[in-house]
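The values are calculated or read from the model by the stated rules, or taken from the named source; none is laboratory data. As the structure is a computational prediction, the values presented were derived from the model and not from experiment. Cβ coordinates were reconstructed from backbone atoms using ideal geometry, including for glycine residues, and neighbour counts include every protein chain displayed.
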Amino acid sequence: MTGNIVFERPVADHAPELYRSFGSADAIHGWSEWTDSAVEQYDRDGFLVVRNAIPEEIWKPALEDLKTMSRAADAACATVAYEAAFRSVLEEATEGDLDDASDEARLAAMERIPPETRARLVRKFMGFTKTHPVLKAVANYQPLRDAIESLAGEPTRVFQSMALVKPPRGREKPWHQDHAYFDLPLETRVCGVWIALGEVTEENGAMFMLRGAHKNGPIVHFKRRDWQICDTEMAGARPVSLPMHAGDLVIFDAKIPHGTPTNRTDQQRWALQYHYVGRSAEKVAAEYRLSIFGEEGKDVSC
């Protein structure tokens, strides 16, 4: 059963200049090109695109499973998040304030919403590898795991699983560093993997990366449109966008600043994201992370 249902609140749109691409990212074509030079490129840039990384017989069942989850009242995962537009739909069904409704009332209301309405407004699934074998199979695809462990220098584990379903007109994920969300020591080597399950373009919400900026260390985050890097911090930055085809992926360091713009199209943009960490890594207190990445912005003004 789904553990948590999140209904986003409306946020302002981002400034267009936050997502202008300067050049293109070099990629390798298949795991046969995962060599020492590829690892050097990853270390230098903070990310590496791998074309044709996940075969169709693995990514396609995953996409179909996610589409089924998006239509279900109970997606059988830890968390489902919906776009802000879904709040008004649910408030009509619950006949009251969504925030005051019990989990049981929310689920009952969800069951009254037409499946296609749910499917068009879902934004994110989290925590599903224990209940969805085909999604677990993507995370454990052996060539991918081998590459991750060559970066980590030790056996790894998946500690976060997400499906990022940017719906038509779905909101931006502002610029951020993933390590800002994780209660892990700053020196921990955390690898993210973002996998395209369809065509990914700048118009429908491609990943943008700030090449090499992982070497600059942590950046203070604060709550604006999301828990994010200040827009003014990104002024003058020269990021690159990462258009992809289904089965392509990007492996990236958890300290690399990245974001995805609003989906300006009428089609959903489907992607999976997993985070891996060495088995020797141990959690730290949230207070440690916040002392580095920001407690409500650490009085930063933007």
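Data for the structure
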quantity	calculated
Looking only at the stretch 183-201, and only at residues there that are in contact with a Phe, Trp or Tyr (Cβ under 6 Å, 6 or more places away or on another chain) and in a loop (DSSP other than H, G, I, E, B), the one that is nearest to SER280 (Cα to Cα)	LEU197
Selection from the stretch 133-182 of residues that are in a loop (DSSP other than H, G, I, E, B), within 18 Å of the chain's Cα centre (by Cα) and either under 24 Å from TRP59 (Cα atoms) or among the acidic types (Asp, Glu) (or both)	ASN140, PRO167, PRO168, GLY170, GLU172
So ASP65, is it in contact with a Leu (Cβ under 8 Å, 6 or more places away or on another chain) and within 19 Å of ARG269 (Cβ to Cβ)	yes
Count of the stretch 33-50 residues which are touching a helix residue (DSSP H, G or I) at 6+ places or on another chain (Cβ under 9 Å) and either under 22 Å from PRO261 (Cβ atoms) or surrounded by fewer than 12 Cβ atoms within 10 Å (Cβ to Cβ) (or both)	4
Cross-chain or 6+ apart pairs with Cβ under 9 Å, the stretch 5-17 first and within 15 Å of LYS173 (Cβ to Cβ) and modelled with pLDDT of 90 or more, then outside any strand (DSSP E or B) and among the β-branched types (Val, Ile, Thr)	ASP13/THR262; HIS14/THR262
Filter result (farther than 26 Å from SER150 by Cα and surrounded by 22 or more Cβ atoms within 10 Å (Cβ to Cβ)) within the stretch 187-205	VAL200, ASN204, GLY205
Qualifying residue in the stretch 92-115 (condition: part of a helix (DSSP H, G or I) and at pLDDT 90 or above)	yes
Candidate set: the stretch 117-141, residues that are in contact with a Phe, Trp or Tyr (Cβ under 7 Å, 6 or more places away or on another chain) and over 18 Å from ALA53 (Cβ atoms); chosen: the one surrounded by the most Cβ atoms within 10 Å (Cβ to Cβ)	VAL122
Filter pass, ASP226 being surrounded by fewer than 22 Cβ atoms within 10 Å (Cβ to Cβ), in contact with a His (Cβ under 8 Å, 6 or more places away or on another chain) and under 27 Å from GLU83 (Cβ atoms)	yes
Strands (runs of 3 or more DSSP E) contained entirely in the stretch 202-265, each with at least 1 residues that are modelled with pLDDT of 95 or more and over 25 Å from VAL11 (Cα atoms)	249-253
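Listed here are the residues, each with its yes/no results for (1) in contact with a Phe, Trp or Tyr (Cβ under 7 Å, 6 or more places away or on another chain); (2) in contact (Cβ under 8 Å) with a residue 24 or more places away in the chain; (3) under 30 Å from ILE195 (Cβ atoms); (4) not β-branched (Val, Ile, Thr).
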site: ARG51; (1), (2), (3), (4): no, yes, yes, yes
site: GLU57; (1), (2), (3), (4): no, no, yes, yes
site: ARG71; (1), (2), (3), (4): no, yes, yes, yes
site: PHE86; (1), (2), (3), (4): yes, yes, yes, yes
site: VAL89; (1), (2), (3), (4): no, yes, yes, no
site: GLU92; (1), (2), (3), (4): no, no, no, yes
site: SER102; (1), (2), (3), (4): no, no, no, yes
site: LEU107; (1), (2), (3), (4): no, yes, yes, yes
